[in-house]
Amino acid sequence: MMNTTGSGNHHHRLLSKIATNDEHGENSLYFHGWKAYDDNPFHLTQNPNGVIQMGLAENQLSFDLIEDWMKKNQRASICTTEGVHMFKEIANFQDYHGLPEFRNAVAKFMGKVRGGRAEFDPKRIVMGGGATGANELLMFCLADPGDAFLVPSPYYPAFDRDLRWRTGVKLLPVECKSSDSFRITREALEEAYEKASESNIRVKGLIIGNPSNPLGTIMDRNTLKSLVSFVNDKNIHFVCDEIYAATVFKQPEFISVSEIIQEMDCNLDLIHVVYSLSKDMGMPGFRVGIVYSYNDEVVTCARKMSSFGLVSSQTQHLLASMLSDDEFVERFIGESSRRLENRHRTFTEGLKEVEIKCLEGNAGLFCWMDLRPLLKEATFEAETELWKVIINQVKLNVSPGSSFHCSEPGWFRVCFANMDDETVQVALQRIRTFVDEKKGAGKAAPEKKKKQWQRNLRLSFSSGRIYEDGCLSPHVLSPHSPMLRAQT
Ligand SMILES: Cc1ncc(COP(=O)(O)O)c(C=O)c1O
């Protein structure tokens, strides 16, 4: 049969190089786990043996507060009897500056979730389709194809797609080590920068996630300051993805780069913040992303480019009301972090019972779990093997460190806020049983147990499952696959 996708016969390429290249990053274990869940999703009563989705960084703990607000504020929506009088005006609005009331409300909200210690100018608020769109938009403004951005690893897997795929920008990981609690050091940055220069790669900037996905940690003041001086010394850009700014549930407080630049001398033209309501408000479906740049030229250019990923005017209209309701916002942020703290505590204490440790964290919707003691050997092959057992036998979709470009095998990201309390208990019970069995296998009759373990491995991986390395291609995905839908 003739190849019509363009991937085989170069003379008859029907699709573009971007459409057919492999840079999307979908072919990673991180996404393979989604398929396993999609095929056999857990349900407390209807499918209690299914796969529990712990690979999804969603904040589902505080929807009731938003639903309450919606009930009490029907005028905020153009789809209610109370609000429909605004329908024509809003449906017709298509200005890429955004509704003034939306920009004002977002600017105020961004300041509030940073403890009021930084102010944001509504004139600098530029819309993007989620942080995904905002990150890509910034790359288009700051770098040319072939230019590179440094990024501390481990990092959010979809950066590969968002920052590189369509822009042609390269990402150069800066290795952070568990011995430093995965903190980024100036030495590691200098080393990565030097290495790039030696390979004639132009480094245009540094991008960080703060708070970090997948670490669940925030960056301390001194580290942030040293990053700001690094970018100043090199005259390169500094992009801070602060999508989890209000998803901080314990001390110490989150510190934004917007605070730091008030405290030191630096070239503001280099500083850019990315924000979104996907995590802090738990609204990834609304696709509200923000580029906030301190560079006037970037604001102007980003605004023009934002035509490709505007937030719908209906969403802007609704959020303008919601985010300017100070009392609601304060209650929501406070209550959301209390609930997250409780969930985090339940989860990490449950893990402690079987001596599983996590990196000490106070933010995000996940833990960075240390399963090094369970690896057969300290290799990424062993990590993948363990991941396969966890997904196929323990039936938990957790994400292996390799998919976050972690340089040390044995770390896994586990999301804890996208499920109800009962499901958390089931997940914890499964982990405890698994670890106990594994420990038991290590102690009593090691040979016999080991054989059984290997047989289990063979059984689950020879049964035609598609979560084997390299066997999964986007062609086998259903249109409903979360792999095609969401990458959080
Ligand atoms: C660090 C980081 N940046 C960006 C995104 C994408 O967010 P959005 O849904 O706003 O596009 C995520 C989602 O998980 C993320 O963790």
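Which whole-number percent of Cα pairs in the chain have a distance greater than 41 Å?
On the way: 24433 of 118828 pairs.
In whole percent, the long-distance tail amounts to 21.
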What is the dipole size for region 74-324, taken about its Cα centre, with +1 at each Lys and Arg Cβ and -1 at each Asp and Glu Cβ, in debye to the nearest 20? 620 debye
For region 400-414, 3J(HN,Hα) per residue [Karplus equation, 6.51 cos²θ - 1.76 cosθ + 1.60, θ = phi - 60°, Hz, x = Gly/Pro]: x, x, 4, 6, 9, 6, 6, 8, 10, x, x, 9, 9, 9, 10
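Out of all DSSP beta bridges in the chain, what portion is antiparallel? Express it as a percent rounded to 5. Mind dumping the intermediate values first?
Values: 21 of 42 bridges.
Antiparallel bridges: around 50 percent, rounded to the nearest 5.
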At a 10 Å Cβ-Cβ cut-off, how would you order K71, K250, fewest neighbours first? K71, K250
Amide H partners (placed H, <5 Å) of K170, local residues excluded: G146, D147, A148, F149
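Assuming 0.36 nm per residue, please report the length gained on full extension of the stretch M86 to T346 beyond their Cα-Cα distance. Don't skip to the answer; put the middle values down first.
Details: separation 260, 0.36 × 260 = 93.60 nm, distance 4.50 nm.
Answer, rounded to one decimal: 89.1 nm.
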Non-local residues with an amide H under 5 Å from the amide H of R183, with H modelled 1.01 Å from N and Pro and chain starts lacking one, are K177
Tell me, what is the percent relative contact order of region 21-95, built from C-alpha pairs under 8 Å that lie six or more residues apart? 14 percent
Run the dipole for the chain about the Cα centre, Lys and Arg Cβ at +1, Asp and Glu Cβ at -1, nothing else charged, and hand back the magnitude in debye, nearest 20. 1300 debye
Charge dipole (the chain, unit charges on Cβ, about Cα centre) - positive-most of Q94, L375, C406: L375
Calc'd 3J(HN,Hα), region 383-394, phi into Karplus 6.51 cos²θ - 1.76 cosθ + 1.60 (θ = phi - 60°), Hz, glycine/Pro = x, comes to 4, 5, 4, 5, 4, 5, 5, 5, 7, 8, 9, 6
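If we sort 279-286, 194-201 on the protection proxy, mean other Cβ atoms within 10 Å, highest first, what's the order? Write down the numbers at each step before the final one.
On the way: 279-286: 20.9, 194-201: 11.4.
By packing density, highest mean first, the sequence is 279-286, 194-201.
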Region 240-392 - charge dipole about Cα centre, Lys and Arg +1 at Cβ, Asp and Glu -1, debye rounded to 20: 660 debye
Could you rank the peptides 219-232, 388-401 by their average count of other C-beta atoms within 10 Å per residue, with the highest value first? 388-401, 219-232
Over region 165-230: Rg over Rh, Cα atoms, Kirkwood Rh: 0.97
Positive end of the dipole of region 74-324, charges at C-beta (+1 Lys, Arg; -1 Asp, Glu), about the Cα centre: which of I207, N232, I184 has its Cα farthest in that direction? I207
Check which residues have an amide H placed less than 5 Å from G50's amide H, if you skip close sequence neighbours. H43
Mind grabbing the base-10 log of I(q)/I(0) for region 74-324 at q = 0.07, 0.10, 0.13 Å⁻¹? Debye formula, identical points on the C-alpha positions, no solvent, two decimal places. -0.24, -0.47, -0.78
Enumerate the calculated ³J(HN,Hα) couplings along region 367-376 in order (Karplus 6.51 cos²θ - 1.76 cosθ + 1.60, θ = phi - 60°), each rounded to whole Hz, writing x wherever the residue is Gly or Pro. 10, 9, 8, 9, 9, 4, x, 8, 6, 5
Among K204, K177, which comes first, then next, by fewest other beta-carbon atoms within 10 Å? K177, K204
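What are the semi-axes of the equivalent ellipsoid of region 272-377, taken as the square roots of 5 times the eigenvalues of the Cα gyration tensor, listed largest first and rounded to whole Å? It would help to have the intermediate numbers written out before the result.
On the way: eigenvalues 263, 83, 27 Å².
In descending order the semi-axes read 36, 20, 12 Å.
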Using Cα pairs under 8 angstrom and six or more residues apart, how large is the relative contact order of region 74-324, in percent? 28 percent
Taking 0.36 nm per intervening residue step and subtracting the Cα-Cα distance, what contour gain separates R432 from K71 on full extension? 125.8 nm
Contact order relative to length of the chain, as percent, for alpha carbon pairs under 8 angstrom and 6 or more apart: 23 percent
Which residues among region 275-310 fall inside the zone where the amide N is under 18 Å from a point 7 Å beyond the Cα of R339, along Cα→Cβ? 277-286
Rank the residues E385, E327, E26 as a footprinting-exposure proxy: fewest other Cβ atoms within 10 Å of their Cβ go first. E327, E385, E26
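Every number in this text was worked out from the coordinates using simple rules, so none of it is lab data. Keep in mind the model is a prediction, meaning the values are calculated, not measured. Neighbour counts run over all protein chains shown; Cβ positions are idealised from the backbone, glycine included.
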